[in-house]
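Novice: Handing you a structure now.
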Amino acid sequence: MPEAVIIGSERSEVGLPTGMEVLRRGGSALDAVEAAMRCCEDNLTDHYVGTGGLPNAQGVVELDASVMLGSSRRFGSVGALRGYPNPISVARAVLEKLPQHCMLVGEGAALFARENGFSTAELLTEESRALWREQLRASGESVEGENTAALDGDRRYRSAALDLIRRLAPHEGPWGTINIIALDALGEMCVGVSTSGYPYKYPGRVGDSAVPGAGNWCDLRAGGAACTGRGELSMRGGTARSVVELLALGREPSEACRSALAEADALPDDFRAELRALALTPDGRHGGAAGQQGSTYAVMTERSTQPELHPRSVL
Ligand code: GLY
C-alpha cells in the first residue's frame, strides 16, 4: 500500500498540515481534503477562496467547490453558492447525502446547505469589498446609488459592471483557486477544488471548480487531477479528465498536465488567462504544470514536517 500523501496548488500550504494530520491518524482521503480545504477557505488573506473571496460584479461573493472520489467516481459539487463560508463541506454533503444528484447551484445549493445545518456568514470582508469598489470606481460609474442625481444610474451601473467584466477578464497574476488531492492509507484518492471564481464575474457564473472533468477528475485506475486558472478553458478542454486519461496511457504526472494544458491552450479565447494543472497517481507520484516559470505546488507525506514546494513544469 502506498504511503499517504497530500498535494495542493499555490496557497494550499495553509491547509495541508491539517490534512496530513487527518491522514496520519488513519482518516480518509475525503476527510483530509475537506479538513485541509476548510483551512484555506477560512484564510482571510486569500482573496480567491471562501470568506474574503473577491465578489461578482454586483459585489456578492459566490463560491464553487467540488469533491470526487477515485474508487467510485462519486462526485459532489456546489456552484454560485452564497452565504456559506465552507463550500467544500457542502459539496461533500451533496456527495454523501444526495446520491441521486452530483451538483447543486445557486438558491438550490443554499437551500440544501440550510437544510443540512450549515451556518451562514458574511463572506465579503472589508478588504475584499474595498478591492471591488476600487475596481468599480475606475470605471467612472456610480456604486450603490452614490450618484443619485443620475436618473439612469441603475442602467449605467449595470452597463458599467458588464464593461468591467470585459475589461478585467484577462486579469494578471496567479489565480487563487485551490486544488487539494489526497491519497489515504487504504489507497482511496480524493480530489477537492474550491474557489470564489473569476473576480467580478457575471452573477451566476459557475466555473470549472464545480464541473467534473473540467476542474476536477479522479479515477483510481489512473489518478486524480485538478485545475486552477481560467475555468472557461478547462471546461472547454475537459482538462482535468484529459490529464487522467494521459496518466492512464502511462504518461508521468507533470507530462500529462503539460500535454492537457497545451491542448486547452490551443483553443481560441479572447479572455485568455493562465490555466494550471496538478496530478497524483495511485502509487503516489505527483506533478504539475503551468504557463509561467517559477510556479510551484506543495506536497506532504507522512514523514513531512511541513509542506515542500515542488516546481511545476512549464508549458
Ligand atoms: N478555475 C476557477 C474558475 O475559473 O472559477
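The values are calculated or read from the model by the stated rules, or taken from the named source; none is laboratory data. Model, not experiment: these values are computed from the prediction. Reconstructed Cβ throughout: ideal geometry from the backbone, glycine too, with neighbour counts over all protein chains shown. Note: areas computed on protein heavy atoms with side chains; ligands, DNA, RNA excluded. Shrake-Rupley method; radii C 1.70, N 1.55, O 1.52, S 1.80 Å.
Novice: With respect to residue 232, determine if the residue is open to solvent by 20 Å² or more (accessible area, probe 1.4 Å) and within 11 Å of the ligand (Cβ to nearest atom).
Specialist: yes
Novice: Ok, one more. Could you grab me the full set of residues in the stretch 197-210 that are crowded, with 24+ Cβ neighbours inside 10 Å and more than 8 Å from the ligand (Cβ to nearest atom)?
Specialist: If the condition is that a residue be crowded, with 24+ Cβ neighbours inside 10 Å and more than 8 Å from the ligand (Cβ to nearest atom), then 210 is the only one that fits.
Novice: Something else: Just to check your reading of the model, which residue among 289, 298 is buried (at least 20 other Cβ atoms within 10 Å of the Cβ), at pLDDT 95 or above and in contact with a Gly (Cβ under 7 Å, 6 or more places away or on another chain)?
Specialist: The conditions single out 298.
Novice: Additional query: So, in the stretch 259-283, exactly how many residues are more than 16 Å from the ligand (Cβ to nearest atom), part of a loop (DSSP other than H, G, I, E, B), loosely packed, with under 15 Cβ neighbours inside 10 Å and not charged (D, E, K, R)?
Specialist: Residues that pass the stated criteria total 2.
Novice: Here's something else I'd like to know. Residue 256 is checked against (1) open to solvent by less than 10 Å² (accessible area, probe 1.4 Å); (2) among the small types (Gly, Ala, Ser); (3) within 14 Å of the ligand (Cβ to nearest atom) and fails just one. What number does that condition carry?
Specialist: Result: residue 256 passes all but (3).
Novice: Still on this model: So residue 214 passes all but one of these: (1) of a type outside the set (Ser, Thr, Tyr); (2) surrounded by 24 or more Cβ atoms within 10 Å (Cβ to Cβ); (3) within 8 Å of the ligand (Cβ to nearest atom); (4) under 19 Å from residue 265 (Cα atoms). Which condition number does it fail?
Specialist: (3)
Novice: Is it true that some residue in the stretch 42-55 is outside any loop (DSSP other than H, G, I, E, B) and crowded, with 17+ Cβ neighbours inside 10 Å?
Specialist: No, the stretch 42-55 contains no residue that is outside any loop (DSSP other than H, G, I, E, B) and crowded, with 17+ Cβ neighbours inside 10 Å.
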